[in-house]
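The values are calculated or read from the model by the stated rules, or taken from the named source; none is laboratory data. Remember, predicted model here, so these are calculated numbers, not experimental data. Cβ atoms come from the backbone with ideal geometry, glycine included; neighbour counts cover every protein chain shown. Only protein heavy atoms, including side chains, enter the accessible area calculation; ligands, DNA and RNA are left aside. Shrake-Rupley method; radii C 1.70, N 1.55, O 1.52, S 1.80 Å.
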Amino acid sequence: MAYVAKHNETLARTVADSGCIPGIVLALQEPDPNLKRISALALNEIAKHSLDLANIVCDNGGIPYLTQQINHHDAQLKKQVCQTLASLAKHSA
């Protein structure tokens, strides 16, 4: 999903419209740090394109599960979570 969504807003909207975001958010709750990181990456690639797409990620409960990962011991996961939160925040200015 992340690979498709990263290219442009149209593709990111197609990914979002497929209904996969709740599943991606659910994957953030799994114990595997690699799965969490990939999930955060996918949400980032969707949300970075527009306010509307960022709102879709937020409306599907992405922020609480992302913020829980900030204190995770895995540095790569923390970095990806911060990038995703930044992508969400940049549209709220």
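Points to keep in mind about this one:
- Restricted to helices (runs of 4 or more DSSP H) entirely inside the stretch 37-91, no element has at least 2 residues that are among the charged types (D, E, K, R) and open to solvent by less than 20 Å² (accessible area, probe 1.4 Å).
- Hey, ASP17 modelled with pLDDT of 95 or more, out of contact with any helix residue (DSSP H, G or I) (no Cβ under 8 Å at 6 or more places or on another chain) and open to solvent by 20 Å² or more (accessible area, probe 1.4 Å) or not: no
- Residue identified as polar (S, T, N, Q), farther than 12 Å from LEU28 by Cα and out of contact with any Lys or Arg (no Cβ under 8 Å at 6 or more places or on another chain) among THR84, THR67: THR84
- The stretch 35-55 residues that are among the hydroxyl-bearing types (Ser, Thr, Tyr), paired with ones that are open to solvent by less than 10 Å² (accessible area, probe 1.4 Å) (beta carbon under 9 Å, 6 or more apart): SER39/VAL25; SER39/LEU28; SER50/ALA12
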